[in-house]
Amino acid sequence: MTEMVFGSAPARVSDPIFPRWWRTVDKWTLTFVCVLYLTGLLLGLAASVPLAERNGLPAFYYVTRQAAFGGMGLAVMLVISMMSPVQVRRMGVLLFVGAFAVVLALPVIGTDFGKGATRWLSLGFASVQPSEFLKPGFIALCAWLMASSQTLGGPPGRLYSVGVAAMVALVLALQPDFGQTSLILFAWVVMFFISGGSMILIGAILALIAAAGGFAYSASEHFARRINGYLSAEIDPRTQIGYATNAIQEGGFFGVGVGEGTVKWSLPDAHTDFIIAVAAEEYGFVLVLLIIALYCAIVVRSLWRLLGERDPFARIAGTGLACAFGVQALINMGVAVRLLPAKGMTLPFVSYGGSSVIASGITLGMLLALTRTRPQNLIADVLGRAGR
């Protein structure tokens, strides 16, 4: 009757997806990621040419592939960043299920490329490292479980997440892939703490992780060799760590000059795990400091935008994604300067590698989606309405 007398209220036409996304997304983080991608291409021009020559390929073969992989990673990041938290959660769970199934099958269908660990799936034209895609899916799944435990009458999600983390860590450790195992466990501990988990349980789990590390040291020659090399008082100059350390020392503050570095001719992984050594030698501490600042800015801005987030899933998952992204960069650079044992981990958006760049795109896309400004998602909005 009211509508017949006064007429119906006009329907509010929502904004198109792209303008709404552009208005709500963190543009500074987008800019920092693009700068990291361009930095990776710049370093690839120097680091990958010797590898291409050794393999009898065109000089810029790997740079071209890196540009293509990076373009795919950025495209995936942009598409995912337009999703809602519910869509991010669903995509993350599906990603975890698919990636974990492939990881389980790696002993049968995988290859180690002569590196002593079956971590890759060879497709002929390219190789895929499923554990790279497992990380963002694992974080989304565990965040969903932890958030569900905060609802009235909800399931014991935190307890379920303990089982998921233990299962994933065991499977990755058996590859062996201790680097990804430690990164995933770190992300889980951070999320468990953010979700309000028991500090006693966290302490007990950390003690179990330490005990598992001691067992791995005594049972795995691969693990023990890396730890012993890290603890050794002297550095063998013929090892990758030796070459990287020397390159960083030679670079000094401003570097030896573009194209003048020599470490790229000695390091087999100069374009992947030790790309920061190439940056330090040719461009000096100035470029290294810029790269560190970019990673710090992405993590800090993301955590700052999550401070007032009301949605438990967005808050927990966003924190886990940001910390995992930042710690992966920290581990890569820490290995290069011998602050950490060698772990074979790439530098996100900078190192060469299709799996690494595309998985980083998924991670940052999910993070950007969860840190977008959304109506009524801030605690201050609720307090403001209550006061009116």
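Some observations on this one:
- Compared with the direct C-alpha span, the chain from Thr31 to Tyr61 gains 8.1 nm at full extension, assuming 0.36 nm per residue.
- Packing order of peptides 355-366, 87-98, 145-156, highest average first: 355-366, 87-98, 145-156 (average count of other Cβ atoms within 10 Å over each peptide's residues).
- Stokes-Einstein D in µm²/s, Kirkwood radius over Cα pairs - the chain at 20 °C with 1.002 mPa s viscosity: 96
- Charge dipole of the chain (Cα centre as origin; +1 on each Lys and Arg Cβ, -1 on each Asp and Glu Cβ, all else neutral): 1100 debye, rounded to the nearest 20.
- Amide hydrogen neighbours beyond the local backbone of Glu309, cut-off 5 Å, H modeled: none
- Debye, to nearest 20: dipole size of the stretch 271-362, +1 on Lys, Arg Cβ, -1 on Asp, Glu Cβ: 300
- Listing Cys323, Cys296 from fewest to most neighbouring C-beta atoms within 10 Å gives Cys296, Cys323.
- Under the simplified labelling scheme, the Val93-Val258 pair shows an inter-label distance of 5.0 nm, with each label point 7 Å from Cα along Cα→Cβ.
- When each of the peptides 192-199, 54-61, 276-283 is scored by how many other beta carbons lie within 10 Å of its residues on average, the order from highest to lowest is 276-283, 192-199, 54-61.
- Full extension of the chain segment joining Ser127 with Ala219 gains 30.2 nm, where the gain is 0.36 nm per residue of separation less the Cα-Cα distance.
- Acute angle (nearest 10 degrees) that the helix 157-173 long axis makes with the longest principal axis of the chain, alpha-carbon atoms: 20
Each reported figure results from applying straightforward, stated rules to the coordinates on display, with no laboratory input. A quick note: this is a predicted structure, and the numbers were derived from the prediction, not measured. No Cβ is skipped: glycine too gets one built from the backbone with ideal geometry, and neighbour counts run over all protein chains shown.
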